[in-house]
Amino acid sequence: MNRRRLTPGSVLATLSKHGFLIFLSVLMIYPLYYMVITSLKTRQEWLGNQFGLPQLPTLANYVQVFAEGKLPMWFRNSMTVTAGSVFLATAVATLAAYAISRFRFRGRLLFLNTMIALMVVPPSVLIVPLFILLVRIDLINTLPGLMFIYVGLMIPFSIFLLVSFFRGLPTELFDAAAIDGCSNFGVLWRIVIPLSAPAFITLLVVNALYVWNELLLALVFLQGEELKTLMPGLLMFKGHFFNNEAMVMTAAFLACLPMIMLYLFGQRWFVEGMVAGAVK
């Protein structure tokens with residue numbers, strides 16, 4: 001067995017690497033820490049102690065956020081748009097990726113390369129044509145109209161990731177299923193989808209984070225206050241409580257909480273799916 005010999009230089013390099021990673025971790029976690037401790041303070045305590053731990057933790061801000069704000073309505077709209085658009089994008093991308101990875105037909109590679117090219121198109125350049133399109137089909141200022149846009153934006157990346165994963169599945173499984181008389185859709189439903197759980201969890205986390213945190217499109221295409229999703233709603237909330245940092249941080253933490261829980265639930269499959277999609 002070859003044992004790595006420790007030298008002062010290698011020990012210093014290891015400590016430096018770990019120190020840098022710890023620094024990055026603290027840097028990433030600090031905003032969440034600040035939101036939590038601020039949400040547990042009164043406005044007066046925050047003015048006197050902005051960065052320290054609360055002396056007398058209180059949940060009054062949480063009660064006031066739900067009592068005075070429209071946070072529950074914005075949460076409901078965001079949940080509807082996120083769940084619907086992610087489900088539709090995943091369903092369409094699954095069928096397209098399965099066809100590209102398992103069948104041979106004319107234009108297959110051209111379609112895949114087009115999807116890859118569309119991944120680099122910024123959504124901001126599509127606002128004007130999308131606005132005109134939604135006006136013509138009478139979906140402007142509606143949640144289905146916004147979901148229609150999100151589905152179109154998520155499909156290219158979803159197809160790219162699923163194709164990369166599907167191509168790495170053993171072909172022997174498909175041959176055995178075909179011999180047993182399984183249809184193409186049966187192979188997809190009974191073999192491909194169960195074996196691709198890490199890829200689907202990755203899509204769920206990435207796409208849900210994108211839709212949940214998206215601001216520009218939701219701000220442009222949803223004008224009615226009762227239709228606003230969470231991010232535009234928080235912008236209005238901050239303008240209303242601009243002099244009460246504790247209330248703003250409380251609303252911000254509540255907005256982050258569902259996505260934090262989603263990531264913690266799927267982090268193991270998320271990392272596995274990203275790695276598999278990158279190398280297969």
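I need the full set of residues from segment 118-154 which are within 15 Å of Thr94 (Cα to Cα) and surrounded by fewer than 20 Cβ atoms within 10 Å (Cβ to Cβ), in order please. Within segment 118-154, just Gly152 meets the criteria. The helices (runs of 4 or more DSSP H) found entirely in segment 179-256 that carry 2 or more residues being under 26 Å from Val135 (Cβ atoms) are 197-213, 216-221, 230-240. In the set (1) part of a loop (DSSP other than H, G, I, E, B); (2) under 19 Å from the mean Cα position of the chain (by Cα); (3) of a type in the set (Val, Ile, Thr), the condition left unmet by Ile140 is number (2). Looking at segment 38-70, which of its residues are surrounded by 20 or more Cβ atoms within 10 Å (Cβ to Cβ) and either touching a Phe, Trp or Tyr at 6+ places or on another chain (Cβ under 9 Å) or not in a helix (DSSP H, G or I) (or both)? Result: Thr38, Ser39, Leu40, Lys41, Val65, Gly69. The residue that is surrounded by the fewest Cβ atoms within 10 Å (Cβ to Cβ), counting only those in segment 170-222 that are among the aromatic types (Phe, Trp, Tyr) and under 16 Å from Pro123 (Cα atoms), is Tyr210.
Only the coordinates and a few stated rules stand behind these numbers; no lab work does. Everything numeric here is computed off the predicted structure, so don't read it as measured data. Note that each Cβ is placed from the backbone with ideal geometry, even for glycine, and that neighbours are counted across all protein chains shown.
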